[in-house]
Amino acid sequence: MDRSAQDPPQTFTDFLRKVFKKFLDSLAIFLNRLGIKPNMVTWFGLLGNIVAGALMALGHLVWGGIVMMLVVPLDALDGTMARLLGEDSKYGSLVDSVTDRYSEIAIFTGLLIHLSITGTTRDTLLVFFAMVGSIMVSYIRAKAESLGFTSSIGLVSRAERYLILVPGILFGFLKISLWILAIFGNLTALQRFLYVRKQAINAKNKKK
């Protein structure tokens, strides 16, 4: 597929990776020297998010939010470790993407259970649509890139989702955070879909 000659746009997540690159590289080098494998960090991150989701399901939102906040950086760290070891691969990228999705599902499931007990039907639907938007944003990017397109655009990428959700959990405005994610997550998914559609149309027209 033909890509734009210009550099593709970047999300806030990509921006943060650049800003903290030196710090992540230093920490990754240290962990690599200790003999810790990138996959260990990946699976530990998933386990941490499962624990966070379980705590939220049991009603311990603050503790769940703290655990979630502590394991978030591992999402970028495992890939950095693999890159520095020269072990980054398509399969490793697949594992990382799959565990990221399960991590998000674990968090939203915990919130869904909590609000199904303490909230209303509207609250549970709110969690559901926030989860759908979050997963579709990531899915469209992965699918687009597998087809040779770019889709690194949108208001609510992975980093933004955590920056919106974690404070809401910790400081008591969870429903506001969920409303933001439910609306802007799905808008971001639509935005990415239309962006890829535009690339596909342009590629088709160039072949004529």
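The values are calculated or read from the model by the stated rules, or taken from the named source; none is laboratory data. These numbers come from a predicted model, not from an experiment. For neighbour counting, all protein chains shown are included, and Cβ atoms are generated from backbone atoms with ideal geometry for every residue, glycine included. For accessibility, only protein heavy atoms count, side chains too; no ligands or nucleic acids. Shrake-Rupley method; radii C 1.70, N 1.55, O 1.52, S 1.80 Å.
Once you have a ≥ b ≥ c as the square roots of the Cα gyration tensor eigenvalues for the chain, tell me rounded if a/c is under 1.5, and otherwise prolate or oblate according to whether a/b is larger than b/c. Oblate shape, in that a/c is at least 1.5 and b/c is the bigger or equal ratio. Report, as a whole number in µm² per second, the diffusion coefficient that Stokes-Einstein gives for the stretch 144-208 at 20 °C and 1.002 mPa s using the Kirkwood radius over alpha carbon pairs. Calculated translational D: 160 µm²/s.
Computed 3J(HN,Hα) for the stretch 194-201, one whole-Hz value per residue from the Karplus formula 6.51 cos²θ - 1.76 cosθ + 1.60 where θ = phi - 60°, is 5, 5, 5, 4, 4, 5, 5, 5, glycine and proline marked x. Note that the stretch 41-58 has calculated 3J(HN,Hα) couplings of 5, 4, 5, 5, x, 4, 4, x, 5, 5, 4, 4, x, 5, 4, 5, 4, 7 Hz, one per residue in order, obtained from phi through the Karplus relation 6.51 cos²θ - 1.76 cosθ + 1.60 (θ = phi - 60°); glycine and proline are x. Working note: Karplus 6.51/-1.76/1.60 with θ = phi - 60° gives the stretch 84-90 the couplings 5, 7, x, 10, 5, 8, 5 Hz, where Gly and Pro are set to x. Relative to the Cα centre, the charge distribution of the chain, modelled as +1 at Lys and Arg Cβ and -1 at Asp and Glu Cβ, gives a dipole magnitude of about 840 debye. Residues E160, E87 ordered from highest to lowest accessible area at a 1.4 Å probe: E87, E160.
Treating only the Cβ atoms of Lys and Arg (+1) and Asp and Glu (-1) as charged, compute the dipole magnitude of the stretch 95-208 about its Cα centre; round to the nearest 20 debye. Before the final figure, lay out each step's value.
Numbers: 14 positive and 6 negative charges, 173 e Å.
Dipole of the stretch 95-208, to the nearest 20 debye: 820 debye.
What are the lysines whose alpha-carbon lies under 19 Å from the alpha-carbon of K204, with same-chain residues fewer than 8 places away excluded? Partners found: K143.
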